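Each reported figure results from applying straightforward, stated rules to the coordinates on display, with no laboratory input. Bear in mind that the values here come from a model prediction, so they are computed numbers and not experimental data. Please note: Cβ atoms are built from the backbone with ideal geometry, for glycine as well, and neighbour counts cover all protein chains shown.
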Amino acid sequence: DKSAVVPGGIRIGAPAMTTRGFKEAEFTLVADLVHEGVQIALECKGAVGGTKLKDFLDFVGSKEFHLMNRVVDLKAKVESLTSQFPLPGV
């Protein structure tokens, strides 16, 4: 990355994760969840007609978006994990 404003990757804060109590097993699970999200995004990208972000967003918001069940399932997995590790002070 040359700029945090326009990142070239995914930023995951290890200090924030350890503050919540994540250990090695949870770090591995987070990596698996990120991988699953990337795989869904790549499938979406392959199904989108254009190359612009607007094309992608229009597709995922359309009735033709055939991966919504996978997105909802991934969301449930993330919520299940994070609900076990509340934010400190909240």
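Assorted remarks:
- Going from the fewest other Cβ atoms within 10 Å to the most, the residues 43, 36, 64 appear in the order 64, 43, 36.
- Those aspartates and glutamates that a straight Cα-Cα span of less than 19 Å connects to residue 23, excepting residues fewer than 8 apart in one chain: 32, 79
- Once the Cα-Cα distance is subtracted from the 0.36 nm per residue extended length, the residue 17 to residue 69 segment shows a gain of 16.0 nm.
- Angle between the chain longest axis and helix 68-83 axis [Cα atoms, degrees, rounded to 10]: 10 degrees
- Modelled label positions at residue 85 and residue 62, each set 7 Å beyond Cα in the direction of Cβ, lie 3.7 nm from each other.
- Working ranking of peptides 46-53, 26-33 by packing, defined as the average number of other Cβ atoms within 10 Å per residue, highest first, is 26-33, 46-53.
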